[in-house]
Each structure stands twice: as structure tokens, then as C-alpha cells.
Amino acid sequence: MEQGFVSVDTETDSLDAMRANLVGISLSVTPGRGCYIPLGHKSAGGGLFGGDAVEGQLPPGETIAKLKPLLEHPGILKIGQNLKYDLQIFARNGIAVAPIDDTMLMSYAIESGENGHGMDELSEKHLGHKPIAFKDVAGSGKSAITFDRVPLDRATQYAAEDADITLRLWKLLGPRLARKRKVTVYETLERPMVAVLAAMEREGILGAPVYNGMRPILIGGRGSREI
């Protein structure tokens with residue numbers, strides 16, 4: 001609250017933001033340091049011997065309630081990488097995150113099609129650091145597990161690093177936006193679209209009326225109507 005900005009990232013059990021459950025939240029306010037707040041990790045396995053919440057976590061409802069004033073505070077900038085996904089997760093948990101900065105879009109405004117804009121690639125290019133790969137904590141192929149099954153120690157290293165790297169990229173890319181004279185492009189075109197697209201995804205898209213006797217179809221969002 002005193003600093004005026006915070007890097008934030010969410011961990012979930014799915015890539016589908018409209019179905020994913022919140023597993024944890026990572027934060028960083030100082031380059032080189034990050035924290036992870038576990039909320040929904042479960043023990044490995046199933047049946048009688050797995051699937052229960054693991055010890056050492058915070059209660060989701062109480063934690064979200066305590067973070068809500070920070071994440072919605074108009075005087076505190078929330079920094080993230082590809083924040084549209086995180087905005088969806090927070091919105092489904094009753095938090096309207098704003099204002100924001102998105103390092104992915106900052107990179108795109110500066111370098112456009114020169115390179116990829118994923119966090120791992122940006123970290124290696126600008127910070128000279130190769131982040132922990134998701135497959136290294138959750139596995140790959142048939143042995144892959146969802147993040148809620150990742151042990152807390154490994155999850156903490158992975159998630160806290162994401163928030164830290166995002167903060168360090170923000171501190172580097174912000175001045176470059178000014179030097180490249182791309183601040184206006186970013187602030188008037190790229191950044192405002194994040195909240196707009198997130199809201200569109202939550203509401204769905206109503207198809208245009210057809211003229212062969214069929215009713216419109218609701219695509220995406222909260223469901224679909226049959227023809």
C-alpha cells in the first residue's frame with residue numbers, strides 16, 4: 001500500500017479462465033523477492049488417500065477478502081504478464097483489478113513482431129535469466145499434473161519467481177516505452193483493451209440474427225443456446 005505498485009500473478013488448475021479454480025496468488029514488490037500464497041493445493045492421488053487440502057495454506061475466502069482492497073485500490077498499480085487471464089480469475093472471485101500494467105503488451109508495443117512476448121522469452125532476452133519451466137514442476141505428457149497437485153515447496157519457487165520476473169521486466173520495459181516513444185500507443189490502444197476483452201469473454205458474444213428461421217446462438221461466455 002505504501003509503495004504504490006505490486007506485481008501479481010495467479011495459479012490455477014486449468015488454462016480455461018472461465019472454468020479454472022484459483023489455486024494460489026503470487027506477489028512481488030521488490031526485485032529479487034517474491035511470495036506465494038497457497039489457497040487450493042490438494043494431496044496427490046485420489047479416493048481415500050488423496051484429494052484433500054494440504055496443510056500450510058490460507059483460507060481462500062478470508063484471503064481474497066483481505067487482498068480485495070489492495071487489488072481494487074485506484075492508487076496502486078497492479079503489474080502482470082498477460083493480465084487478461086488473471087483479471088478473469090479475480091473477477092470470478094469478486095475482485096475487479098485496476099489499474100494495471102501488462103509487461104506482455106509493453107513488450108509488444110516496443111518490439112511488435114521482432115520476437116515472442118512470453119515471460120520466459122522476455123526474461124532470457126532482457127534479464128539473462130531462464131525461469132523455472134512449468135513442466136519442471138507439473139510434469140509433461142501422460143505424467144503431467146494440474147497445479148493444485150504440485151507440492152507447496154515446488155509451487156512456491158515457481159509462482160514466486162513469476163511475480164518477481166514480471167516486476168523486474170516492468171522496471172526495465174517502462175523506461176524503454178518512453179525512449180521508443182511508444183507510451184501513447186501502449187496507454188491508449190494496448191492497455192485499455194485488456195479489460196474490454198476480459199469483459200467480452202465473461203459475457204459471451206450473441207451471434208447476429210439469421211434469416212432462415214433459426215434463432216441466434218450465444219457463443220462462449222456463460223453457455224450456449226441450441227438452434
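The values are calculated or read from the model by the stated rules, or taken from the named source; none is laboratory data. From a predicted model like this one, the values you see are computed outputs, not experimental measurements. Counting neighbours? That spans all protein chains shown, and the Cβs are built from the backbone with ideal geometry, glycine included.
Taking the condition under 19 Å from residue 98 (Cβ atoms) and either loosely packed, with under 13 Cβ neighbours inside 10 Å or at pLDDT 95 or above (or both), does residue 188 pass? Spelling it out, residue 188 is indeed under 19 Å from residue 98 (Cβ atoms) and either loosely packed, with under 13 Cβ neighbours inside 10 Å or at pLDDT 95 or above (or both).
Filtering the range 114-134 to residues that are within 24 Å of residue 198 (Cβ to Cβ) and either more than 18 Å from the chain's Cα centre (by Cα) or surrounded by fewer than 19 Cβ atoms within 10 Å (Cβ to Cβ) (or both) leaves 116, 118, 120, 121, 134. Working only within the range 7-41, note down all residues that are in contact with a Lys or Arg (Cβ under 6 Å, 6 or more places away or on another chain) and either without any contact (Cβ under 8 Å) to a residue 24 or more places away in the chain or assigned to a strand (DSSP E or B) (or both). Answer for the range 7-41, where residues must be in contact with a Lys or Arg (Cβ under 6 Å, 6 or more places away or on another chain) and either without any contact (Cβ under 8 Å) to a residue 24 or more places away in the chain or assigned to a strand (DSSP E or B) (or both): just 8.
Matching residues to (1) closer than 20 Å to residue 158 by Cα; (2) at pLDDT below 95:
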{"position": "27", "(1), (2)": "yes, no"}
{"position": "37", "(1), (2)": "yes, no"}
{"position": "42", "(1), (2)": "yes, yes"}
{"position": "49", "(1), (2)": "no, yes"}
{"position": "54", "(1), (2)": "yes, yes"}
{"position": "65", "(1), (2)": "no, no"}
{"position": "77", "(1), (2)": "no, no"}
{"position": "102", "(1), (2)": "yes, no"}
{"position": "106", "(1), (2)": "no, no"}
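Report whether or not residue 178 is closer than 20 Å to residue 77 by Cβ, of a type outside the set (Phe, Trp, Tyr) and either surrounded by fewer than 20 Cβ atoms within 10 Å (Cβ to Cβ) or in contact (Cβ under 8 Å) with a residue 24 or more places away in the chain (or both). When the stated conditions are applied, residue 178 passes them.
Report yes if residue 1 is hydrophobic (A, V, I, L, M, F, W, C), in a helix (DSSP H, G or I) and either touching a His at 6+ places or on another chain (Cβ under 8 Å) or surrounded by 15 or more Cβ atoms within 10 Å (Cβ to Cβ) (or both), otherwise no. So residue 1 does not fit the description; no. Of all residues in the range 91-113 being within 25 Å of residue 65 (Cβ to Cβ) and of a type in the set (Gly, Ala, Ser), which is surrounded by the most Cβ atoms within 10 Å (Cβ to Cβ)? Filtering the range 91-113 for residues that are within 25 Å of residue 65 (Cβ to Cβ) and of a type in the set (Gly, Ala, Ser), the one surrounded by the most Cβ atoms within 10 Å (Cβ to Cβ) comes out as 91.
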